[in-house]
1. Which of the residues that make up the range 70-93 are of a type in the set (S, T, N, Q) and within 16 Å of Ala21 (Cβ to Cβ)?
2. Based on this model, can you work out whether Ile84 counts as assigned to a loop (DSSP other than H, G, I, E, B) and among the aliphatic types (A, V, I, L, M)?
3. Just to be sure, is Asn38 closer than 16 Å to Val19 by Cα and either in contact with a Ser or Thr (Cβ under 7 Å, 6 or more places away or on another chain) or free of Cβ contacts under 8 Å to residues at least 12 places away in the same chain (or both)?
4. Go through the range 86-99 and report how many residues are surrounded by fewer than 14 Cβ atoms within 10 Å (Cβ to Cβ) and more than 30 Å from Ser14 (Cα to Cα).
5. Can you tell me which of Asn83, Asn20, Asn38 is modelled with pLDDT of 95 or more and loosely packed, with under 12 Cβ neighbours inside 10 Å?
6. Could you list, in sequence order, the residues of the range 41-69 that are more than 30 Å from Asn20 (Cα to Cα) and either part of a loop (DSSP other than H, G, I, E, B) or among the β-branched types (Val, Ile, Thr) (or both)?
7. Among the residues that make up the range 74-84, is at least one of them closer than 24 Å to Ser97 by Cβ and either in contact with a strand residue (DSSP E or B) (Cβ under 9 Å, 6 or more places away or on another chain) or of a type in the set (Gly, Ala, Ser) (or both)?
Amino acid sequence: MIGFSKSLSIELGSDGIRVNAICPGSVAGPRIESVYRNKAAARGVDYAVVLDEALARTSLHRLVTADDIANTIVFLCSPAGANISGQAIAVDADVQSLV
């Protein structure tokens, strides 16, 4: 998706069309809660353990909200984001790779 967004940005830029990729992290809500609960059950640990491990892998120690993603999109669509195109924008609380 990132490469596709970059290609579209290059192809459509001369028409004034901007294209960016939003790369969300784990978004708070029923879906990610289910994922973490299933991981906890599979490992035989409490849900809080899995959640704490996931949050520890982000520098902000929190999940992303739908509003976080929406606010990024609003910014990109506003005059403040007028010169941003062809970018992969992480909205992920700074997820760190596992080593």
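The values are calculated or read from the model by the stated rules, or taken from the named source; none is laboratory data. Computed from a predicted model, the values in this text were never measured in an experiment. Note: ideal-geometry Cβ built from the backbone for every residue, glycine included; neighbour counts use all protein chains shown.
1. Hits for the range 70-93 are Thr72, Ser85, Gln87.
2. Considered against the rule, which asks whether it is assigned to a loop (DSSP other than H, G, I, E, B) and among the aliphatic types (A, V, I, L, M), Ile84 comes out as yes.
3. For Asn38, the condition - closer than 16 Å to Val19 by Cα and either in contact with a Ser or Thr (Cβ under 7 Å, 6 or more places away or on another chain) or free of Cβ contacts under 8 Å to residues at least 12 places away in the same chain (or both) - is not met.
4. Going residue by residue through the range 86-99, those that are surrounded by fewer than 14 Cβ atoms within 10 Å (Cβ to Cβ) are 88, 94, 96-99.
Applying the additional criterion that residues be more than 30 Å from Ser14 (Cα to Cα) yields 94, 96-99.
Total satisfying the criteria: 5.
5. Answer to the check: Asn83.
6. Listed by number, the residues that qualify are Gly44, Val45, Asp46, Val49, Val50.
7. There is no residue in the range 74-84 that is closer than 24 Å to Ser97 by Cβ and either in contact with a strand residue (DSSP E or B) (Cβ under 9 Å, 6 or more places away or on another chain) or of a type in the set (Gly, Ala, Ser) (or both).
A quick yes/no check of all residues on (1) touching a helix residue (DSSP H, G or I) at 6+ places or on another chain (Cβ under 7 Å); (2) under 24 Å from Gln87 (Cα atoms):
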residue: Ile17; (1), (2): no, yes
residue: Ser34; (1), (2): no, no
residue: Ala40; (1), (2): yes, no
residue: Val45; (1), (2): no, no
residue: Leu51; (1), (2): yes, no
residue: Ala54; (1), (2): yes, no
